[in-house]
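The values are calculated or read from the model by the stated rules, or taken from the named source; none is laboratory data. Since the structure is predicted, the reported quantities are computational estimates derived from the model, not experimental observations. Note that each Cβ is placed from the backbone with ideal geometry, even for glycine, and that neighbours are counted across all protein chains shown. All accessible areas refer to the heavy atoms of the entire protein, side chains included, with ligands and DNA or RNA removed. Shrake-Rupley method; radii C 1.70, N 1.55, O 1.52, S 1.80 Å.
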Amino acid sequence: MKYTKILLPLLLIASTLCIGAKEKETKKEEKKNDAFAVARNLEIFSSLYKHLDVMYVDSLDADVTIGAGITAMLRSLDPYTEYYPAEEVKDLKTMLTGKYAGIGALIKYNVKAERVIIDEPYEGMPAAEVGLKKGDAILAVDDSTMVGKTVSYVSSHLRGEPGTTFVLKVLRPVAKTASHKGKTEKYDKDTDGEVLKFKITRKAIQMPSVPYYGIINTPDTMQATGKTGYLLLTQFTDNCARDVRRALVDMRQQGMTQLVFDLRNNGGGSLAEAVKIVNMFVPKGVTLVTTKGRIKRSTNEYKTDSEPLDTLMPVVVLVNGNTASASEITSGSLQDLDRAVIMGTRTYGKGLVQQPVELPHDASLKVTVSKYYIPSGRCIQAINYKHTGGGYREHIPDSLTHEFKTRGGRTVRDGGGIKPDVEVKADSIPNIAGYLNQSGLDSTEVALYYIMDYIASHPTIAAAEEFHLSDADYADFKQRVIESGFKYDRETSKIYDELVEVAKFEGYYNDAQAEFEALKSKLSHNLSRELDNNRTIISRMLEQQIISAYYYQRGGIACTLNYDPQVQQALKLLNDKERYNAILQVEN
C-alpha cells in the first residue's frame, strides 16, 4: 500500500513528462515541416521566374512582374500588411510621422482648368507666407512643366529636402462664370488670369494633430452646467499626446469643466501615443492595452505610467465609421473603464498592430505583428478579415460576437469596432451639394470659381463663428449655377427608371401607366427649385470654404460646430448630468 501511494504520483509525473515531450517533439516537427515548405516554395518561385525571364515570348519587367507576385501574396493576408518599394518609402514615413518637406498646401485637380491647383494653403507654411491663394493653377516647378500632370506628380515635385528653394509659376485665374448684363462669358483656362512667380523655400512640415480646440457655446435650449471644451484630434502621430495635453491644460485655465473629444475620421497611428492620451483621464498603473503576437517582442502590456490630468471631468468622445486603430484604442479604453460616453456611429473595427520592417534595396514592409486587446479583454477586430482593397468594411452581427464587461459592469462586445453608447448619425448630404463640393464631379467647377471671386472682392470677412452668406450672395451663386450648365445625377430619376423597368418586366406598368406618368411629372428636374430647397446645406458648404481661405483650417472647423448635429448632441448630454451618469451607471 505504501509503495502504491508513492508509485501513483511518480507514474502521473512520468506520464505528464512523456506528454510534454511528445507535444514538444510535435511542435518541433511542425516547425521543421514549415521551414521546408517555405524553402521549397521560394525555390519554385525563383526557378519559375528565371525560366519566364529566359523563355517568355516578350521581355519581362522584373519590377512589374515580381511586384505583382508580392501584391498577390499580401492580398492573401490582412488589409494592413503592405509592401513599399524604395520610391514609396517616403510615403510610409510621412504616414507614420506626419512629417514631410514641402510648401504646406492642399492641392487638387481642377476639371475645368485641366490643371492641378492650390486648394488650401496651411497657416504659417511657405505657401501661405509667399501669398499663394485658393484656385492658383500650378504651371511649372522651376523649368519642369506641371500642365497636364496628375496630383501625385505635382506633389512629388513640390516636395523635397528642407531648405531647398525653387520657383513656382502659377496662373491666378479671373473666373467668368457669372452673368454680366444678361450674358454669360466663357472662361478660357489659358488666357483668363495673371501669371505669377513665387520663390519658395521648402520647409519641414508636420500637419497639426490638433488643428482646433477651444471653449464652445452650449445650445440655447439647455441650461449650461459648466464651460465645455472641444478638442479635435485628427491623427496619432509622434508627440500628438503632448499637443493634446497642452490643449487640455489651456482649456482648463479658461475654465473648462467638461469636454467633447472628437475622434471622428481619425484613422489612428501610434499605439504608444494613444496610451499616453488615455492616461490623461485615468489613474496611474491601469492596464490599457495588451498585444499578442507570434514572436515574443510582439506581445506586450501597456499601462498608464504617469499621474492623470483629470479623472472626474465629464467627457463625450465622438466617433464614426472612419475612427480606427489607435482612435479605437482610445475610445474603447475610455468606454471599458466607464470614463467617457462614446457618441456617434460605430467605428471601423481595426484591432491589429503593424510594425515597419526594413527590406533590402531601401524597400520596407509594414507588417501586422499582433492583435490588441483593450481593458475589458476584447479585441475589436472583425473575426474574418479579407483584403478587399480597402480593408474590412462590414461589421459582423452581434450574434457572432462575445460579451465582455466594463469596469462598472456594462456589457460591451468584441468584433466589428466600438459600438457607441449613444448613437447619433451625421447629417446626410444631398446629391446636388455633393456634386458642387466634390472635385471631379462638376465639370463647370462653378462653386470653386464663385468662392475665388468672393475672396477677390472681399479683403476681410466677419469672424469664423459669425460669418454667413447674405441672401444677395446666395442669389448670385444660384444664378451662376443655373447659367453654368451645371448637371448632376439625380437619384430619384435613377430609382424611377429602375422602377419602370421592373414594372414592365413584371407586367404591372400598363395598368399603372397614368400613375407612373403623374409621378414622373412631379419628379421633373428643376435646378432652381433644388438650389432653393437645399440652400442651407449648400450655403454652409460655401461658407466653410470661404472661411478657410481667411482663417485657415481652424476657422473652417470653428464655423461648423454650431450646426454639427453630433457636437450639439454631445453638448446637450454633457449639460444633462443625470442622463450622462445614467449611461455610465455612476452613483450620484
Going through region 335-360 one residue at a time, which ones are more than 20 Å from THR81 (Cα to Cα), β-branched (Val, Ile, Thr) and either surrounded by 22 or more Cβ atoms within 10 Å (Cβ to Cβ) or without any contact (Cβ under 8 Å) to a residue 24 or more places away in the chain (or both)? VAL341, ILE342, THR347
Strands (runs of 3 or more DSSP E) wholly in region 67-114 with at least 2 residues that are out of contact with any Lys or Arg (no Cβ under 6 Å at 6 or more places or on another chain), modelled with pLDDT of 85 or more and of a type outside the set (D, E, K, R) - which ones? 82-84, 105-110
In region 235-256, residue most open to solvent (accessible area, probe 1.4 Å) [restricted to those that are out of contact with any Leu (no Cβ under 9 Å at 6 or more places or on another chain) and over 19 Å from GLU307 (Cα atoms)]: GLN254
For region 140-229, list the strands (runs of 3 or more DSSP E) that sit wholly inside it and hold at least 3 residues that are modelled with pLDDT of 95 or more; which are they? 165-173, 193-201, 212-216
Does ASP497 fit the bill of being charged (D, E, K, R) and within 17 Å of ILE538 (Cα to Cα)? no
It is to be established whether one or more residues within region 309-317 are open to solvent by less than 20 Å² (accessible area, probe 1.4 Å), part of a helix (DSSP H, G or I), hydrophobic (A, V, I, L, M, F, W, C) and at negative phi. no
Would you be able to say whether some residue in region 198-208 is within 24 Å of TYR552 (Cα to Cα), of a type in the set (Ser, Thr, Tyr) and open to solvent by less than 50 Å² (accessible area, probe 1.4 Å)? no
I need the full set of residues from region 551-562 which are within 20 Å of VAL315 (Cα to Cα) and open to solvent by 40 Å² or more (accessible area, probe 1.4 Å), in order please. ASN562
Residue count for region 437-459, restricted to those that are under 28 Å from VAL319 (Cβ atoms) and buried (at least 16 other Cβ atoms within 10 Å of the Cβ): 1
Subset of region 318-334 [within 14 Å of ALA274 (Cα to Cα) and either in a loop (DSSP other than H, G, I, E, B) or open to solvent by 30 Å² or more (accessible area, probe 1.4 Å) (or both)]: THR323, ALA324, SER325
How many residues does region 273-307 contain that are part of a loop (DSSP other than H, G, I, E, B) and aromatic (Phe, Trp, Tyr)? 1
State whether the residues of region 478-491 include one that is in contact with a helix residue (DSSP H, G or I) (Cβ under 8 Å, 6 or more places away or on another chain), over 28 Å from ILE118 (Cα atoms) and either free of Cβ contacts under 8 Å to residues at least 40 places away in the same chain or open to solvent by 40 Å² or more (accessible area, probe 1.4 Å) (or both). yes
Can you tell me which residue is modelled with the highest pLDDT among those in region 496-546 that are open to solvent by 30 Å² or more (accessible area, probe 1.4 Å), small (Gly, Ala, Ser) and part of a helix (DSSP H, G or I)? SER528
Out of all the residues in region 273-293, is one or more touching a Gly at 6+ places or on another chain (Cβ under 9 Å) and buried (at least 24 other Cβ atoms within 10 Å of the Cβ)? yes
Selection from region 254-272 of residues part of a strand (DSSP E or B) and under 27 Å from VAL367 (Cα atoms) yields GLY269
Looking at GLY409, GLY434 in this structure, which one is of a type outside the set (Phe, Trp, Tyr), open to solvent by less than 50 Å² (accessible area, probe 1.4 Å) and in a loop (DSSP other than H, G, I, E, B)? GLY409
Inside region 82-118, the number of residues satisfying the requirement of being hydroxyl-bearing (Ser, Thr, Tyr), touching a strand residue (DSSP E or B) at 6+ places or on another chain (Cβ under 7 Å) and farther than 30 Å from TYR450 by Cα is 4
Among the numbered criteria (1) part of a loop (DSSP other than H, G, I, E, B); (2) over 25 Å from GLY268 (Cβ atoms), which single criterion is violated by ILE117? (1)
